[in-house]
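What follows draws every value from the coordinates through simple rules; no lab data is involved. The structure displayed is predicted, hence computed values, not measured ones. Cβ placement follows ideal geometry from the backbone for every residue including glycine, while neighbour counts extend to all protein chains displayed.
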Amino acid sequence: MPALRNQRRELFAQGLARGMSAAQAYREAGYVDNRRNASALKANQDIIARVLELQAERQDRFVLTRQCLLDALLENLEKALGRRPVKIGEEGKEVYVYRGDVANNALKMAGSELGLFTDKSGVTHRPSHYDDLSDADLVRKLRDEALLLLEYHEREAGEADGNAEDPGS
């Protein structure tokens, strides 16, 4: 739908599409302040259609994707590390500037996005029955567990050999 032919109605529809109240959009469009007329105009089918169209156009123009955010993050990281030039001043002189604080923040954000960091406040230690043992006691316990495991594997291997058919028979 093209712009409305009546310029005030078009301005009113644009105001509504930007989120103004009907009374605000009515005043902004150049009408004399009148809530009843603003409400009636807001219910007009042409106005409704135009507002929906303007909102859809606005939404189409602003599509923020995860990739868009990551691209911007990486670009900022490159600039903060001094690997890409930054335009400075009104004349737009390009300089390479290292900003460690900005780079570290960008690296932290990128690492978080990739799941490389864990929140240490969520990590807890549950007490176990090993906490009170000395180093020597822990070594003895480990040795005992290893011996039990070896016995188990030897027993399993012996049972497997006894159950295996003799390939020569």
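Observations, loosely collected:
- Relative contact order (%) - the chain, alpha-carbon pairs under 8 angstrom, separation at least six: 11
- Nonlocal amide H pairs with residue 86, under 5 Å, H built at 1.01 Å: 95, 96, 97
- Between 0 and 90°, nearest 10: helix 100-113 axis offset from the chain longest Cα axis: 70
- Two-site label geometry, residue 65 and residue 117: point separation in nm, points 7 Å out along Cα→Cβ: 2.7
- Shape category assigned to the chain from the gyration tensor of Cα positions, a/c cut at 1.5: prolate
- Nearest 10 degrees, 0 to 90: helix 45-61 Cα axis against the chain principal axis: 40
- Pairs of Lys in the chain closer than 30 Å at Cα, counting only those 8 or more apart or on different chains: 7
- Sparsely packed chymotrypsin sites (Phe, Trp or Tyr not before Pro) within segment 1-80, loop by DSSP, other Cβ within 10 Å at most 11: 62
- Full-extension gain in nm, residue 87 to residue 109, via 0.36 nm per residue minus C-alpha separation: 5.5 nm
- In the chain, the longest principal axis of the Cα atoms and the axis of helix 66-80 are about 80 degrees apart.
- Restricting segment 66-144 to GluC sites (Glu not before Pro) that sit in a DSSP loop and have at most 14 other Cβ atoms within 10 Å of their own Cβ leaves 90, 91.
- With at most 15 other Cβ atoms within 10 Å, longest stretch of the chain clear of loop trypsin sites (Lys or Arg not before Pro) (DSSP): 100-169
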